[in-house]
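Heads up: the structure comes next, in structure tokens.
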Amino acid sequence: MKENQDITLMSDSVQGGKVSRRGFLKGSALAGLSLGVAGTGLVGCAPKQQAGDELADTGEGATSAVGYQYEAETAEGEWHHSACSRNCFDTCMIMSKVVDGRLVQVCGDKNNPYTAGGLCVKTQNYVDYVYREDRILYPMKRTGKKGPGCTFERISWDEAIQTITDTWKQIIAENGGEAITWFRYQGNQGAIHRRCLEPLFFKMGATYHEASMCNNGYVFSLPYTTGSITVMRAEDIANKDLYISWSHNPAAGSLHTMKFIKEMHKAGGKIAVVNPVRVPECEWADLHVQLLPGTDGAFALGVAKYLMDAGKIDEQFIAEWSIGYEDYARSAAEWTADKVAAECAIPAEQVGQFAELLWENRENACLKTGLQLGRRNNGGMSHISIKMLTGLIGHPECYFNMTSSGGYGVNTAANLDMFTETVPSESSDASTIRNYSSPALGKVLTGVNYGEGHDFATNPIRSIMIFGGNPMVSNPNQNLVREGLERENLFTVVHDIFVTPTVEYADIVLPAPTFFEYEEFNGGYGHNYDCFNEKVIEPLGECKDNLELCNLLGQAMGYNDAVFNRTYDDMRALFLDGKDYTYDELVKNGWYDVAPKTWEAQLEEGFGTPSKKFQFACDELEADHGTRTVIYTPDPESASQAPELFAKYPLYLVSPSAKEFLNGVFGNMEDNNLLFGESYVFLNEADAQARGISDGDEVTVFNDRGSLSRKARIVEGVMAPGTACTYKSTWSTVTGVENVNCVTTDSQADFGRGVAFQSCLVEIAKA
């Protein structure tokens, strides 16, 4: 391709990716089974083979490296250790086969107890992912309009870096560093690359972006109750007597956990599910509490009252290891089973059934909460209400949200100590630098004065760099984000692998490598292993990783700090400092087992709270949130708290993960889209009948923030009454219909300035 030839991003190769799936898998198990469970069992390594394919021309000027020419099962090659860097519980340990410098096959590391040779449906086609035609291989600059239909032309790296840094220098001179910001999320979860670009923005004095769309409800609830407790591995689920899945769907978000749940069930273990959606575990569950979205806290308080009234509490643990029990007991006292039933829209007897299961199996139980629980306006308090139950029965160790291997040496490895400013915390709004949390991106880019008294109207953001994220898929209140990115006076730089819906709004596009093209250290938050990701192939085209990009931009800005001249040797040394293994050991084995603390060792140290005890109530919670102990507050976007809004939009919409996609990733993969099938909205039968909607009807899902085109799916028992469900993470550029975040709220959750995706009222009507 000529260097100045326009690249039309919405060309046939992209528009042709709009998969027409009307009628695909019609009447199949996709909707007929539990929601999202078709094919959710563990799948063995089954890479796509293309025998006889010839290697495409990849000489200078080529824009893609399509196809691969080897039969993966028969060609001789070398195997290497890789680790999926995606924002996922599982952080799969992968074996990658390379022949003559090309990746030809991937499969799960069979020697690791967690991955155990299997990969999820998302990662099965990583070879195709690496060599897709729509890989961005060279820097580009925009030549046409922003948004769908945009065009770019190829430029050199020298021109790209100079254009970016000249623009930034001018903005800083005229408006100060805070007129620049960045958006980084978890497109790369590795210790080296996840945050290594951020010191560049610290140095410029840019408006601080706080990445807060993941698990803030859980993380920021911990200091008030137990501090951090990691005393369990996922593998231990197989040996439990009771597994409680609360607002979680491991079949989509933590696939490898499913085999341990199945083993437990086969051995006679019991399963309880608390979820408005009928998830795959319900097929084996002894109890499914299908409560109304956002009422988890009321249910937990009702269970607490039942246990207290029945005398089924661990009095010795409460006396020796806790504080604040009396405050907690008073808070729970009003939550009779009948009151819980009315609030949660469940049978009253389920309160006692759940409580009895928990008490009878307390000494060998596992209570697992999902990330969606905290992604509500009342999500942090919901986490606390559930954690309190584990203290009541004397076994806080059974609460299992995340278990990090300790592999995240990011604060050190990324040199984040360069950041010396203050940003808001749970206890204080004080800050010394303009800042925002991820959900507010649309407000920030459209000049809305947002939080902490910072003014985005008189000194608007004039430039943003986006890396490791795809906000035009992942962020709430999508239409407002689009409005901000469409501004012609916003200079936008995007560093990415593919032409995502976000790239369409870029002024400068920089090519990023896949994790097969650089070295990385990864730690899982669903398992206890530090993982090594070897660089197995050279970067395609002119792709540059985050570390190299930070050096290039920092030096071009004229900064002499050591952080802008780092090498991989520097980063390895920082990461490995204090570890129990050497670099050579990690490279050889591919992973290292970081054993979690035992419950006995945890008790010996005391809890990670100011009191060193389990806190049913505390002064810190009162100072930060106005109550000494857990209380139930209905979601602000609910019938009781917003009756006028509820009159217009009387359905609670939840948007869980689909097994085929992961946040903003994989939406352009044809195989994933074909497996996903239609963009459905799932409805309760009574709710559908009240609206004259039949199964298969084209419908519109809408509220004041936007609207979605969907096909109705009505399957008995899948949804709680008054609730609708549609999946997140689809790309509108591929599916041809709107992403769910066109209707989700950008309001902040109660704890940690987190996201509130799941607080969403809508109405649904036939199209």
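Side notes on the structure shown:
- Complete set of residues in region 633-654 that are of a type in the set (Ser, Thr, Tyr) and surrounded by fewer than 24 Cβ atoms within 10 Å (Cβ to Cβ): THR633, SER638, SER640, TYR649
- Conditions (1) farther than 22 Å from ALA251 by Cβ; (2) crowded, with 21+ Cβ neighbours inside 10 Å; number of the one not met by PRO721: (2)
- Residue list for region 540-563, filter: farther than 19 Å from THR514 by Cβ, open to solvent by 30 Å² or more (accessible area, probe 1.4 Å) and in a loop (DSSP other than H, G, I, E, B): GLY558, TYR559, ASN560, ASP561
- Residue among GLU356, GLU326, GLU320, GLU343 that alone is closer than 22 Å to ASP750 by Cα, open to solvent by 10 Å² or more (accessible area, probe 1.4 Å) and either part of a helix (DSSP H, G or I) or among the aromatic types (Phe, Trp, Tyr) (or both): GLU343
- The criterion of at least 2 residues that are closer than 25 Å to ALA329 by Cα is met, among helices (runs of 4 or more DSSP H) falling completely within region 200-315, by 216-219, 222-225, 296-309.
- Options GLY311, GLY302, GLY268; residue that is within 18 Å of GLY379 (Cα to Cα) and either open to solvent by 30 Å² or more (accessible area, probe 1.4 Å) or touching a helix residue (DSSP H, G or I) at 6+ places or on another chain (Cβ under 7 Å) (or both): GLY302
- Members of region 92-117 found to be among the small types (Gly, Ala, Ser) and either touching a Ser or Thr at 6+ places or on another chain (Cβ under 7 Å) or crowded, with 23+ Cβ neighbours inside 10 Å (or both), listed by number: SER96, GLY108
- Residue count for region 362-377, restricted to those that are assigned to a loop (DSSP other than H, G, I, E, B), open to solvent by 10 Å² or more (accessible area, probe 1.4 Å) and in contact with a helix residue (DSSP H, G or I) (Cβ under 9 Å, 6 or more places away or on another chain): 2
- Cβ separations smaller than 6 Å between residues 6+ apart or across chains give the following pairs from region 624-644 residues that are without any contact (Cβ under 8 Å) to a residue 24 or more places away in the chain to residues that are surrounded by 16 or more Cβ atoms within 10 Å (Cβ to Cβ): ALA639/PHE646; SER640/PRO634; GLN641/PRO634.
- Residues (part of a strand (DSSP E or B), surrounded by fewer than 23 Cβ atoms within 10 Å (Cβ to Cβ) and either at pLDDT below 95 or among the aromatic types (Phe, Trp, Tyr) (or both)) located in region 79-91: TRP79
- Remark: ASP635 falls outside the filter, which requires a residue to be in a helix (DSSP H, G or I) and over 19 Å from the mean Cα position of the chain (by Cα).
- Residue-level analysis places VAL351 among those that are part of a helix (DSSP H, G or I) and of a type in the set (A, V, I, L, M).
Results for (1) in a strand (DSSP E or B); (2) among the small types (Gly, Ala, Ser); (3) open to solvent by 10 Å² or more (accessible area, probe 1.4 Å), shown as yes or no for each residue.
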residue: GLU716; (1), (2), (3): no, no, yes
residue: SER729; (1), (2), (3): no, yes, no
residue: PHE757; (1), (2), (3): no, no, yes
residue: GLU763; (1), (2), (3): yes, no, yes
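- Condition check for TYR592: at pLDDT 90 or above, within 22 Å of ASN528 (Cα to Cα) and within 26 Å of the chain's Cα centre (by Cα): yes
- Test: residue in region 668-680 that is closer than 21 Å to GLY370 by Cβ and of a type outside the set (Ser, Thr, Tyr): yes
- Number of positions in region 173-195 that are at pLDDT 90 or above and assigned to a loop (DSSP other than H, G, I, E, B): 1
- Considering (1) open to solvent by less than 70 Å² (accessible area, probe 1.4 Å); (2) closer than 30 Å to GLN186 by Cβ; (3) assigned to a helix (DSSP H, G or I), the lone condition that SER657 does not fulfil carries the number (3).
- Restricting region 670-708 to residues that are in a helix (DSSP H, G or I) and polar (S, T, N, Q) leaves a set whose member that is surrounded by the fewest Cβ atoms within 10 Å (Cβ to Cβ) is GLN689.
The values are calculated or read from the model by the stated rules, or taken from the named source; none is laboratory data. All figures in this text were calculated on a predicted structure; none of them were measured in a lab. Counting neighbours? That spans all protein chains shown, and the Cβs are built from the backbone with ideal geometry, glycine included. Side chains are part of the model used for accessible areas, which takes the heavy atoms of the whole protein and leaves out ligands, DNA and RNA. Shrake-Rupley method; radii C 1.70, N 1.55, O 1.52, S 1.80 Å.
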